Amino acid sequence: MAQGDWAPDERDLPWLTQFDVRTLVAGVPAGSLDADDQVWETLHDNGLLPSEVRDAIEGVRGSGPADLDEALARLRWMVCGDGNTGASGAFVVPMLLRIAADTTSRSRADVLQLVGDLAREFTLQMEMRPSMLWTMQPMPGYDSFGYFENWAVGAARLMVGRDTDLLVAMMDDDDPQVRGLAAYVLVTALPLDQDLIGMLRRRLAAETDAAVRMIFVLCIAQHLRELDRVPEALAWSRAIWSDPASLLEIRLGGVIAWLNLTEEDVPQELRSVLDGLPMPAVHELSQQLPWIWWLNHHTDGITNWWQRLTR
């Protein structure tokens, strides 16, 4: 648990459900899990029917483009409605990660985005500083069934942590979108991996795609925050954005990371950097950030986000 993550105190006890989905995850054997597993019967009163999940997952594995889009939308609504992870969300993670690992699947990027969103609280709402890189929140949240989203997200992160080998392998994928999204998911995994920072830095040095390099910078900053190493993350991101020799996408990643690690006033040195950034390139790169993908569906969403972020 990172510093500032919500934890219940005596005032919350009367409102806490006796059903803790994280405990249920701990009792499920590691490995593949499908919609026929007995665990779904336990979840019956806290989310979805197994048949609904089965149909949606099979649709995501399906063939027709229209059917695929519909199945993805339906599955997202069922397990992450309005951007709030439900109690059932953790149990689709193993199935989705195996779809993403299948190089013949056409929905790999979409399902990785969904897994990353399941492993993050208040998705679709946390685009502004300092919360964009937060995985958990300092307050209780609830899904559409009234279940504690904090516990549901914790359960999803535990499920991600069981399949980190799949995600690490996907970071070598030929598709740069898959590489970036695999990292976006990997940094949500529980338990936290102290060695992940070194691996991400090595991947950053070897990465050839500009957008993925920017994503790796933000993933490193997010994971340092999760490890309660915020001063180190701030110093590292500042060293990146203050270095005129850094590649644009790495420098941009450093700017966005720094702004989302602190609520400090923007220093004049950073103001000068912001004034010199080419806005068409900033806009194009920012559109590929998995943390704020939904802003692409709003008119001037990325432009407005950038203006508010740097204001």
Point to revise | Equivalent ellipsoid semi-axes - Cα gyration tensor, the chain, angstrom | key: 32, 22, 18
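Would you mind getting the accessible area per residue of the chain, heavy atoms of the protein chains only, 1.4 Å probe, in Å²? Walk me through the intermediate numbers first.
Values: 13580 Å² over 311 residues.
So the chain comes to 44 Å² accessible per residue, rounded to a whole number.
Starting from the Cα gyration tensor of region 56-154, take the square roots of the eigenvalues, sort them a ≥ b ≥ c, and report rounded, prolate or oblate (rounded when a/c is under 1.5, otherwise prolate if a/b is larger than b/c, else oblate). Could the numbers behind the result be given before it?
Details: a/c = 2.16, a/b = 1.82, b/c = 1.19.
The shape class here is prolate.
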Review point. Pairing the Cα long axis of helix 149-162 with the longest principal axis of the chain, what angle in degrees results, from 0 to 90 and rounded to the nearest 10?
Key: 90 degrees
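Could you tell me the relative contact order of region 90-172? Use alpha-carbon pairs under 8 Å, at least six residues apart, and round to a whole percent.
Values: 75 pairs, mean separation 30.6, N = 83.
Reported as a whole number, the value is 37 percent.
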Study note, to complete from the structure: Rounded to the nearest 10 degrees, the helix 210-226 long axis (Cα) sits at an angle to the longest Cα principal axis of the chain of 70 degrees
Point to revise | Relative contact order of region 236-286, defined on C-alpha pairs under 8 angstrom at six or more residues apart (%) | key: 35 percent
Check your understanding: Leaving out ligands, DNA and RNA but keeping every protein chain, what accessible area does residue 201 have, in Å² rounded to the nearest 10, with a 1.4 Å probe?
Key -> 80 Å²
Revision key, fill the gap. With all protein chains present and a 1.4 Å probe, the order of 265, 20 from largest accessible area down is 265, 20
Revision key, fill the gap. Between the alpha carbon centres of region 124-195 and region 237-311 the gap in Å comes to 21 Å
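Summarise the accessible area of the chain (1.4 Å probe, protein heavy atoms) by the percent that is carbon and sulfur. Mind showing how you got there, number by number?
Numbers: 6850 of 13580 Å².
Accessible surface attributable to carbon and sulfur in the chain totals 50 percent.
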Exercise for review: Collect residues whose amide H, placed 1.01 Å from N in the peptide plane, falls under 5 Å from the amide H of residue 142; neighbours closer than 5 in sequence don't count.
Suggested key: 149
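Suppose we take every Cα in region 235-308 and form the convex hull; what volume per residue is that in Å³? Each step should come with its number before you reach the end.
Values: hull volume 7.0 nm³, N = 74.
Taking the convex hull of the Cα positions in region 235-308, it is 94 Å³ per residue.
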Review point. Taking a probe of 1.4 angstrom, what is the accessible area of residue 247 in Å², to the nearest 10?
Key: 90 Å²
Revision key, fill the gap. Tilt, helix 196-206 to longest principal axis of the chain (alpha-carbon atoms), in degrees rounded to tens, equals 60 degrees
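The values are calculated or read from the model by the stated rules, or taken from the named source; none is laboratory data. Since the model is a prediction, treat every value here as computed from it, not as a measurement. Please note that ligands, DNA and RNA were not included when accessible areas were found on the heavy atoms of the full protein model with its side chains. Shrake-Rupley method; radii C 1.70, N 1.55, O 1.52, S 1.80 Å.
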